[in-house]
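Here's the structure we're looking at; comments come further down.
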Amino acid sequence: MQARFLTDESRVGYLEKDLYFCEDNTLFQDKRGNIYIIPRGFVTDFYSIPDMLAWVTGDSAERDPRPCIVHDFGCAFHGLLKVRGMTVHDLIVYGYLTKHYSELRQKDYNVCMDIPQCFLEFVPMSKGQVNDILGECMDSLNIPRRWLIRAGVCFNFNWYWTKSPFDMDKIYTIYNHYKRRK
């Protein structure tokens, strides 16, 4: 099975300096058929590439943000939210995965409605597993896996001291896990 995003690009809202929140749910299916949801309200900093490296890796604005949203969620909570007991077909039949027409985009796009908590489970993951999911996300969109991006992710030392517990009761709310020094 090939990994793929089931939803189109998420709309984002500005939260504060360098932080944005997802206005839409993001669904990703990995190579093993597992479906993961990044719930709307999740706060991300997108591709956080230091300016001194940006000239080598390319402008982050030219990349689809969905892989970084999945990766940021995995790094923030050391795991992902898995949709359990439902296939893609089930999601469509029950109305959780639907098509909407955008007049601005002049096309249909896939949207994930809120999936009830009873169909979701938090799956803990290692740093390597989260990094592998990032690779699958990038591959599914044909984003070049430039060695600096992948190396930067491997040497993300924030992993060791920034884990936040995921609160299932805060699904679909703005959930800012970033700790800013004031």
Search result, residues across segment 12-37 that are part of a strand (DSSP E or B) and in contact with a Gly (Cβ under 8 Å, 6 or more places away or on another chain):
TYR20, PHE21, CYS22
With the requirement that a residue be over 17 Å from ASP8 (Cα atoms) and in contact with a Lys or Arg (Cβ under 7 Å, 6 or more places away or on another chain), what does segment 85-119 give you?
PHE119
How about segment 15-30: which of its residues are touching a strand residue (DSSP E or B) at 6+ places or on another chain (Cβ under 6 Å) and without any contact (Cβ under 8 Å) to a residue 24 or more places away in the chain?
GLU23
Limited to segment 31-50, what total is found for residues that are in contact (Cβ under 8 Å) with a residue 60 or more places away in the chain and of a type in the set (A, V, I, L, M)?
3
Among the residues of segment 110-124, the number that are in contact with a strand residue (DSSP E or B) (Cβ under 6 Å, 6 or more places away or on another chain) and exposed (fewer than 14 other Cβ atoms within 10 Å of the Cβ) is 1
If you check LYS99, LYS82, LYS127, which single one turns out to be touching a strand residue (DSSP E or B) at 6+ places or on another chain (Cβ under 9 Å), surrounded by 13 or more Cβ atoms within 10 Å (Cβ to Cβ), free of Cβ contacts under 8 Å to residues at least 60 places away in the same chain and basic (Lys, Arg)?
LYS82
The conditions are (1) of a type outside the set (Asp, Glu); (2) within 30 Å of SER164 (Cα to Cα); (3) not in a strand (DSSP E or B), and LEU104 fails exactly one of them. Which is it?
(2)
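No lab work stands behind these numbers, since they all come straight from the coordinates. Remember, it's a predicted structure, so these values are computed and weren't measured experimentally. Neighbour counts run over all protein chains shown; Cβ positions are idealised from the backbone, glycine included.
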